[in-house]
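**Q** Quick one: the structure is below, and I'll ask about it shortly.
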Number of protein chains: 2
Amino acid sequence: QEKAPPALSDAQAKTADRLIDAGLEDDLAWDILESLTTEVGPRLGGSPAEARARDWGVAKLKALGFKNVRIETYEMPYWARVSESAEIISPFPQPLAVTALGRSKATPEGGVTGEVVRFPTLLALQAAPETGFEGKIVFVDEPMARTQDGSGYGTAVAKRSQAAVEAGKRGAVASLIRSAGTDSHRNPHTGGGLRGEGETAVPAAALSNPDADQLARALERAKGPVTVKLNLQVETAESVTSGNVVGEIPGQTDEIIVIGGHLDSWDLGTGAIDDASGIAITTAAAKLVGDLKGKPKRTLRVVMWGAEEVGIYGGKAYADAHKDEIDKHVLAAESDFGAGVVYRFDTRFSEEERPKAKVFEGALRRLAVTPGNNMAFGGADVGGVRDLGVPVVSLRQDGTDYFDLHHTPDDTLDKVDLTELRQNVAAWAAFLYIASELDGDFGRLPVKGDAQ
Amino acid sequence: QEKAPPALSDAQAKTADRLIDAGLEDDLAWDILESLTTEVGPRLGGSPAEARARDWGVAKLKALGFKNVRIETYEMPYWARVSESAEIISPFPQPLAVTALGRSKATPEGGVTGEVVRFPTLLALQAAPETGFEGKIVFVDEPMARTQDGSGYGTAVAKRSQAAVEAGKRGAVASLIRSAGTDSHRNPHTGGGLRGEGETAVPAAALSNPDADQLARALERAKGPVTVKLNLQVETAESVTSGNVVGEIPGQTDEIIVIGGHLDSWDLGTGAIDDASGIAITTAAAKLVGDLKGKPKRTLRVVMWGAEEVGIYGGKAYADAHKDEIDKHVLAAESDFGAGVVYRFDTRFSEEERPKAKVFEGALRRLAVTPGNNMAFGGADVGGVRDLGVPVVSLRQDGTDYFDLHHTPDDTLDKVDLTELRQNVAAWAAFLYIASELDGDFGRLPVKGDAQ
Ligand SMILES: [Zn+2]
Ligand SMILES: [Zn+2]
Ligand SMILES: [Zn+2]
Ligand SMILES: [Zn+2]
């Protein structure tokens, strides 16, 4: 059977255009964003604040007319910072601005003191001998590249998860990293720390970029050793309850398009760009499509995933809970890169369905969105369903300034630009409408672990 | 006797020009700036850190060849922050970023909780009735204008010193202000609080601008009262020893030109722009003039004033200690507005000596410095000698961005631009040389308190 050439009808093309017009004037996304960041504020995965965020999400989705609104719970381990401080003890006594990395071990009460050994990069630490660092504090001073597509982050996060492990292997008592961030403010960037090998990891914190500069200068100017004291206190629990908030715009068929953002944030800021913006953009876009006359062809499912920052627990739980209906999932996508404009549209469709990307690309062209590749990531929280074969797309956002704010106290509402937020809503509304209405699906991806 | 028209000789004009050339390539100011901010770091007036800064200053001036290097001590009351925190208790529980204002009283241990009453301006608070605020927390949400000349600051600081007094008069338990700052980062701006009337003042803190936004939004979105808890703990001492660091380039006469910056900083940052830059600029400029062949006509005295931030104790002590030689003080000036370029030259000469301003203006023209007025402030630390009749000048710096950083943790070395710093050194060197060599003096100002 020959496939129909992928295309929208004239009426559909006009509707997509009208959705873009509406998105560019949208006020709902801002209201959602302001409401979540003000009325809930910081909402660490697994915390009472995240539970309040779920209640907020349920109330918001119901008020907006979404159907089947529910919380899908799961259990997860809990980690939270209690206190954190650092100071140069000698030869230049002064405080340093630090923040504990996610899942860091605590130091002994009263802190741990050691001579600082600096490595310009993680690679240099990994190449260092495995002895000779007993009692030392390892400092990985690797900077991060500013990039539009966020690729500098992929390189920088390696030190965030590995410095503590490599330091521990070598007998060090703690590890410090230069923040994985591109700004020069004294707000250190937190973020997930440990990945595996947790046994050998030592307490781990990030210095703000100016403090990393300062420590590097102190090492240069000191005539002898530079000694630092680090005090990190944390609390943990083996298991707490968290959950995903789900709401739907029911379609004419049982096929599902799943989109959303993550509801949790790091504790330091109010998570305006990471990821209340994603929640706001996808919810507002779905609402615009839902407000069209008649039901969409496919069900539009908005998910506010929980506990992404601390281990993608919500995304994994979603995939697990929906395994049995995974074949109904036609497409998945997450908005989780702030509120910078969408500038590229990436897909991960099966090879034979790849031409359908052109339909989206054509509709998005007026928003200055350029065609991308077929290697879309899709978002951390759709990783679970992607691994089960569900195609994904990425509406790639301009992240040039994203890592100035990401995972810092400075991730607050004032950093979001309304015009840019609206461009996102417009792009997502058009995308979502087309994904819902287009004839035929987007194929299936190889199931992870399967022979290909 | 007819005055000679004020002018430089050709040789002097050439020397001034060569000093500007040298200033524009100067490396000394940066080295001083880096050394002070790295090796001492934060240096609160009256603290052990400020004592280390004095030792640093003495060593630095001696190493640079200054003569009569000494510390002139004085006694002062001491205030320091111990801890500070704030949080919205209800209806939207979350932390707020605050910092105690200088000389704030402590709250009771465990903090003080109250319903927030917002005033858009200090004027609105001052116009409010004197009862009805018992147990409340007063929030003065007045914003600050961004200006090149810093005039927005003069308006904004009124709330910093008066909010706590006005709140206390009305029975409130604490006061919060929107930071006197122009940035949007979660680093609140500290600064001198109380001015007089301390008896009625309540504990006083500044919210960062994003946190002031947040509190204002919470008040708008709450259906009922918004309750905040503020916990400020401070330590004080009736009297500690501080001091001014003084060094000289001896002249051919016993006339003195006194210049400098303040050595102390607030505790939150390393005081790179406020005021290590002033220390660096004036010391480097004096060194350039001192390196000329032969002695300057007048003695160039560099003073690193102590404890400016917490009450201008060093500036007052200097005037007091040097009363007896005040007539030898021909001119005074301080650099205390960061490291932005000098764009205007203001004087405060006697009316008959005002034409001498033209000599400076002519020399500075190539640095894009525009002639100013004869109402120069001179700097907080020369206020004492100005009030005793000593003429002053102000090398006015571009402060458009100064209050993004001023009195915050973000006042660090990375914020200083080397090219701009060098332009300052060039301007100060030319100014200082001319002030030293020009025939005749700059008159005397009315002594404060005298009949005019
Ligand atoms: Zn995220
Ligand atoms: Zn994140
Ligand atoms: Zn100052
Ligand atoms: Zn200051």
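The values are calculated or read from the model by the stated rules, or taken from the named source; none is laboratory data. As the structure is a prediction and not an experimental result, all values here were calculated from the model. Backbone-built Cβ (ideal geometry, glycine too); neighbour counts: all protein chains shown.
**Q** Output the residue which, of all residues in segment B:266-282 that are near ligand 3 (Cβ under 9 Å from one of its atoms) and under 16 Å from B:D398 (Cα atoms), is farthest from the other protein chains (Cβ to nearest Cβ).
**A** The residue in question is B:G278.
**Q** Further question on the same structure: If you take the residues in segment B:397-433 that are part of a loop (DSSP other than H, G, I, E, B) and among the hydroxyl-bearing types (S, T, Y), which one is surrounded by the fewest Cβ atoms within 10 Å (Cβ to Cβ)?
**A** That would be B:T400.
**Q** I need a count of the residues in segment A:51-67 that are more than 14 Å from chain B (Cβ to nearest Cβ), hydrophobic (A, V, I, L, M, F, W, C) and surrounded by fewer than 22 Cβ atoms within 10 Å (Cβ to Cβ).
**A** 3
**Q** Give the residues of segment A:313-339 that are over 19 Å from A:L432 (Cα atoms) and of a type in the set (K, R), sorted by residue number.
**A** Scanning segment A:313-339 gives A:K316, A:K323.
**Q** Tell me the residue from A:S436, A:S394 that is under 16 Å from the mean Cα position of the chain (by Cα), more than 14 Å from chain B (Cβ to nearest Cβ) and either crowded, with 24+ Cβ neighbours inside 10 Å or assigned to a helix (DSSP H, G or I) (or both), please. Give the derivation first.
**A** Values: A:S436 fails: under 16 Å from the mean Cα position of the chain (by Cα).
Only one candidate qualifies: A:S394.
The rows are residues; the columns are (1) within 16 Å of ligand 2 (Cβ to nearest atom); (2) under 23 Å from A:V369 (Cα atoms); (3) not small (G, A, S).
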| residue | (1), (2), (3) |
| --- | --- |
| A:A285 | no, yes, no |
| A:W305 | yes, no, yes |
| A:H329 | no, no, yes |
| A:E334 | yes, yes, yes |
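**Q** Same structure, new question: Would you say A:Q214 is within 27 Å of A:F337 (Cβ to Cβ), of a type outside the set (A, V, I, L, M, F, W, C) and away from ligand 3 (no atom under 16 Å from the Cβ)?
**A** Criteria not met by A:Q214.
**Q** Contact list please: Cβ distance under 6 Å, first residue in segment B:54-74 and at negative phi and in the same structural domain as B:R43 (by TED's automatic domain parsing), second residue surrounded by fewer than 13 Cβ atoms within 10 Å (Cβ to Cβ) and assigned to a helix (DSSP H, G or I), pairs at least six apart or on different chains.
**A** Short answer, once both residue conditions are applied: B:V69/B:K62.
**Q** A follow-up question, please. For the structure I just gave you, tell me whether A:L263 is more than 21 Å from the chain's Cα centre (by Cα), more than 16 Å from ligand 3 (Cβ to nearest atom) and crowded, with 24+ Cβ neighbours inside 10 Å.
**A** No.
**Q** Please pick out the residue among B:F92, B:F139, B:F133 that is within 14 Å of chain A (Cβ to nearest Cβ) and either touching a helix residue (DSSP H, G or I) at 6+ places or on another chain (Cβ under 9 Å) or not in a loop (DSSP other than H, G, I, E, B) (or both).
**A** Answer to the check: B:F92.
**Q** Select from segment B:190-227 the residues that are touching a strand residue (DSSP E or B) at 6+ places or on another chain (Cβ under 6 Å), closer than 19 Å to B:E84 by Cα and within 13 Å of another protein chain (Cβ to nearest Cβ) and list them in ascending order.
**A** B:L207, B:D211, B:A212
**Q** Could you pull out the residue among A:K316, A:K323, A:K328 that is within 16 Å of ligand 1 (Cβ to nearest atom) and either within 14 Å of another protein chain (Cβ to nearest Cβ) or over 20 Å from A:D411 (Cβ atoms) (or both)?
**A** After ruling out the rest, the residue left standing is A:K316.
**Q** Assigned by TED's automatic domain parsing to the domain that holds A:L44, touching a helix residue (DSSP H, G or I) at 6+ places or on another chain (Cβ under 6 Å) and closer than 30 Å to A:V425 by Cβ: does that describe A:T270?
**A** yes
**Q** Related question: Within segment A:36-67, which residues are of a type outside the set (D, E, K, R) and closer than 21 Å to A:G290 by Cα?
**A** Answer for segment A:36-67, where residues must be of a type outside the set (D, E, K, R) and closer than 21 Å to A:G290 by Cα: A:W56, A:G57, A:V58, A:A59, A:L61, A:A63, A:L64, A:G65, A:F66.
**Q** Hey, another quick one. Pick out, from segment B:187-264, the strands (runs of 3 or more DSSP E) lying fully within it that include 1 or more residues that are farther than 20 Å from B:P108 by Cα.
**A** Of the strands (runs of 3 or more DSSP E) lying wholly inside segment B:187-264, those with at least 1 residues that are farther than 20 Å from B:P108 by Cα span B:227-249, B:256-262.
**Q** Considering segment A:95-113 alone, what residues qualify as being in contact (Cβ under 8 Å) with a residue 40 or more places away in the chain, in a strand (DSSP E or B) and either surrounded by fewer than 23 Cβ atoms within 10 Å (Cβ to Cβ) or within 14 Å of chain B (Cβ to nearest Cβ) (or both)?
**A** Step one: of segment A:95-113, the residues in contact (Cβ under 8 Å) with a residue 40 or more places away in the chain are A:96-107, A:109-113.
In the following step, the residues that additionally are in a strand (DSSP E or B) were identified as A:96, A:98-100, A:102, A:112-113.
Hits for segment A:95-113 are A:L96, A:V98, A:T99, A:V112, A:T113.
**Q** Okay, moving on. Checking A:G306 against (1) out of contact with any strand residue (DSSP E or B) (no Cβ under 9 Å at 6 or more places or on another chain); (2) within 16 Å of ligand 1 (Cβ to nearest atom); (3) of a type in the set (G, A, S): exactly one of these is not met. Which one?
**A** With respect to (1) out of contact with any strand residue (DSSP E or B) (no Cβ under 9 Å at 6 or more places or on another chain); (2) within 16 Å of ligand 1 (Cβ to nearest atom); (3) of a type in the set (G, A, S), A:G306 is out only on (1).
**Q** Shifting gears a bit: Which count do you get for residues in segment B:377-387 that are in contact with an Asp or Glu (Cβ under 8 Å, 6 or more places away or on another chain) and in contact (Cβ under 8 Å) with a residue 40 or more places away in the chain?
**A** 6
**Q** When residues of segment A:26-50 are filtered for being out of contact with any Phe, Trp or Tyr (no Cβ under 6 Å at 6 or more places or on another chain), under 16 Å from A:W266 (Cα atoms) and not hydrophobic (A, V, I, L, M, F, W, C), how many remain?
**A** 9
**Q** Give B:L405, B:L367 a once-over and let me know the one that is within 14 Å of another protein chain (Cβ to nearest Cβ), of a type in the set (A, V, I, L, M) and either away from ligand 3 (no atom under 16 Å from the Cβ) or over 26 Å from B:K295 (Cα atoms) (or both).
**A** B:L405
**Q** Looking at segment A:345-358, which of its residues are in contact (Cβ under 8 Å) with a residue 60 or more places away in the chain and surrounded by fewer than 20 Cβ atoms within 10 Å (Cβ to Cβ)? Write out each step before concluding.
**A** So in segment A:345-358, the residues in contact (Cβ under 8 Å) with a residue 60 or more places away in the chain come out as A:345, A:347-353, A:355-356, A:358.
Correct list: A:S350, A:E351, A:E352, A:E353, A:P355, A:K358.
**Q** Another question about this same structure. Out of segment A:36-50, which residues are surrounded by 18 or more Cβ atoms within 10 Å (Cβ to Cβ) and either assigned to a helix (DSSP H, G or I) or away from chain B (no Cβ under 13 Å) (or both)?
**A** A:L36, A:T37, A:T38, A:E39, A:G45, A:G46, A:A49, A:E50
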